[in-house]
Every structure is written in C-alpha cells, then in structure tokens.
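Taking it in order: structure first as structure tokens, then the write-up.
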Amino acid sequence: MRVVKRWLVGVGLWLARLGGGRPWPDDAQIALTRQIVADIEQRFPEAPGPVKAREALRVLLNLRPAAKVKDLNLLIELALQ
C-alpha cells in the first residue's frame with residue numbers, strides 16, 4: 001500500500017511540476033527536518049501530535065523565514081514517513 005501511495009504522490013508531483021508547481025524538496029532538507037522532528041520527539045514525549053508539528057513548524061520558520069508554511073508542512077510530513 002505504501003508503494004502505491006508513493007507512486008501516486010510522485011505522479012501528482014510530476015503533474016504539479018508540469019503546471020508550474022514547486023520542485024520536490026531535496027534530501028538534505030528532508031534529513032534536517034527529520035533531525036528536528038526527532039529532537040522535538042525527545043523534548044516533548046507526552047505532547048500530542050499537533051503540538052509537536054507546530055513546534056517543528058516554528059523551528060523551520062526560524063531557520064527559513066522566507067519559506068511558505070505549506071512547503072514547510074510538506075517537509076514535516078515527509079520527515080514523519
């Protein structure tokens with residue numbers, strides 16, 4: 001099921017690029033976000049998921065203030081997979 005989901009996401013992103021969408025985040029950005037998410041998991045083990053996601057978004061916004069929130073949310077989702 002994961003393979004099908006990844007394939008569908010890939011096709012969707014390919015179509016978005018054809019229509020002028022944003023490029024896929026590179027591996028370095030995803031790795032940095034994975035590290036941030038892991039750090040937040042250690043700092044706040046009892047916090048619910050949305051609180052941790054908000055904290056990860058706050059850290060990413062501090063690192064990349066010019067980035068769009070939807071792009072940073074995509075990075076967080078990719079890091080959690």
Open item on the list: Which of Ile40, Ile30 has the fewest other C-beta atoms within 10 Å, and how do the rest follow up to the most?
Closed with: Ile30, Ile40
Open item on the list: Taking log10 I(q)/I(0) by the Debye sum over Cα atoms at q = 0.12, 0.16, 0.27 Å⁻¹ straight from the coordinates, which label in (1) -0.33, -0.58, -1.52; (2) -0.39, -0.67, -1.30; (3) -0.48, -0.69, -1.21 is the correct one?
Closed with: (2)
Open item on the list: For the chain, what does the helix formula give at 222 nm: sum of -39500 (n - 2.57) over DSSP H segments with n ≥ 4, over the residue count, nearest 500 deg cm²/dmol?
Closed with: -24500 deg cm²/dmol
TODO: Of the options Gly10, Thr33, Pro50, report the single residue whose Cα projects farthest towards the positive end of the charge dipole of the chain (beta-carbon charges: Lys, Arg +1; Asp, Glu -1).
DONE: Gly10
Task: At most 14 other Cβ within 10 Å, DSSP loop - trypsin sites (Lys or Arg not before Pro), the range 31-68 - done: Lys68
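Each reported figure results from applying straightforward, stated rules to the coordinates on display, with no laboratory input. This structure is a prediction, so every number in the text was calculated from the model and none was measured. No Cβ is skipped: glycine too gets one built from the backbone with ideal geometry, and neighbour counts run over all protein chains shown.
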